[in-house]
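The values are calculated or read from the model by the stated rules, or taken from the named source; none is laboratory data. Just so it is clear, the model here is predicted, and its values are computed rather than measured. Because the Cβ atoms are built from the backbone with ideal geometry, glycine has one as well, and the counts that use them run over all protein chains shown. With ligands, DNA and RNA removed, areas are computed over all heavy atoms of the protein, side chains included. Shrake-Rupley method; radii C 1.70, N 1.55, O 1.52, S 1.80 Å.
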Amino acid sequence: MENKKIALVTGGNKGIGLEIVRGLLRVGCRVYLGARDAANGQQAVAALAAEGDVVAIDLDLNNQASLDAAAARLQREVGHLDILVNNAGINVPGDGSASAVAVSSVEQALKTNFLGTLAVTQTLLPLVKQAAAGRIVNVSSPLGSLTLVGQHDWGLLGYSASKAALNMLTVKLAYELRDTAIKVNSANPGYTATDLNGFAGTDTPEQGAAEAIRLALLPADGPTGTASSTDGPTPW
């Protein structure tokens, strides 16, 4: 295990997260598959067991005790974290236009997609700092781009605001860590068919995972503080 990179993927039991786990296993990482529901996490690990060194870990972004327990387990078992992929997120029923959406829907989206990701990142950052060259990838969305949203009728204020805030975390943390070997970037999947959009997307989960995997494995001369998709840079 000494030569393996240690990775953790939040929301790794399905959709894009599951394919990110699978992609990191293919390059020889030991992957901790984070899932809010322990049974779902174990089921996903069982399905992936033949593909590499994968371990289920309980991880609820809205429960600090869960995050602390995960950090303590990682410290005990591996002592560092080379790759943190913040993939877990939700699409809140009732999300909609800025003029009509319920404030409670926006609050719920921000709580998980931004505040929960901030909490897990802060909790696990000491482990990332113990790695030789840590990588943090925030799975964002084109809906978090102020430039792109200003050009399209995409609605979903809560989801868009949460991903825009997540992009701010990418920029701020990358700047804070600019003098270290840690790189922090936002990955934008395409319109991926997952349960988040009722499987209406045009891209497969494997396609949606590709950019996050690339950013998780960046070489020393790779960028930090950026947002990108497989098509290239995404405007803020």
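Here residue 4 is the anchor, and the lysines within straight C-alpha reach of less than 17 Å, apart from those fewer than 8 places off in the same chain, are 129.
Could you give the accessible area per residue of the stretch 6-233, probe 1.4 Å, as a whole number in Å²? Kindly include the intermediate steps, with their values, before the conclusion.
Working: 10050 Å² over 228 residues.
Normalised by residue count, the accessible surface of the stretch 6-233 is 44 Å².
Remark: the residue 49-residue 206 segment gains 54.7 nm on full extension, using 0.36 nm per residue and subtracting the alpha carbon distance. Multiplying the residue separation of residue 154 and residue 27 by 0.36 nm and subtracting their alpha-carbon distance yields 42.1 nm.
In this rough spin-label picture, where each label sits 7 Å from Cα along the Cβ direction, the residue 118-residue 69 distance is 2.5 nm. Cross-link partners for residue 111 among the lysines, with Cα-Cα distance under 25 Å and sequence neighbours closer than 8 places in the same chain left out: 14, 163, 172, 183. For the pair residue 38 and residue 230, label points projected 7 Å from Cα toward Cβ lie 3.7 nm apart. Have a look at 182, 83, 20 and tell me which one the Gaussian network model of the chain (Cα, springs below 10 Å) gives the largest fluctuation. Maximum among the listed residues: 182.
Using C-alpha pairs under 8 Å with a sequence gap of at least 6, the mean separation divided by the residue count of the stretch 6-233 gives a relative contact order of 19 percent. Working from label points 7 Å from Cα in the Cα-to-Cβ sense, the residue 218 to residue 91 distance is 2.8 nm. When the Cα positions of 108, 228, 57 are compared along the charge dipole of the chain, 57 comes out farthest toward the positive end, with charges on each C-beta of Lys, Arg, Asp and Glu.
What order do 175, 32 take when sorted by accessible area (1.4 Å probe), most exposed first? Don't skip to the end; give the middle numbers.
Values: 175 145, 32 0 Å².
So the residues, ranked largest to smallest area, are 175, 32.
Values (1) 23, 23, 18; (2) 26, 19, 17; (3) 30, 24, 16 are given for comparison; semi-axes √(5λ) of the Cα gyration tensor in Å, derived from the coordinates here, is the one labelled (2). Only the Cβ atoms of Lys and Arg (+1) and of Asp and Glu (-1) were treated as charged; on that basis the dipole of the stretch 6-233 about its Cα centre amounts to roughly 400 debye.
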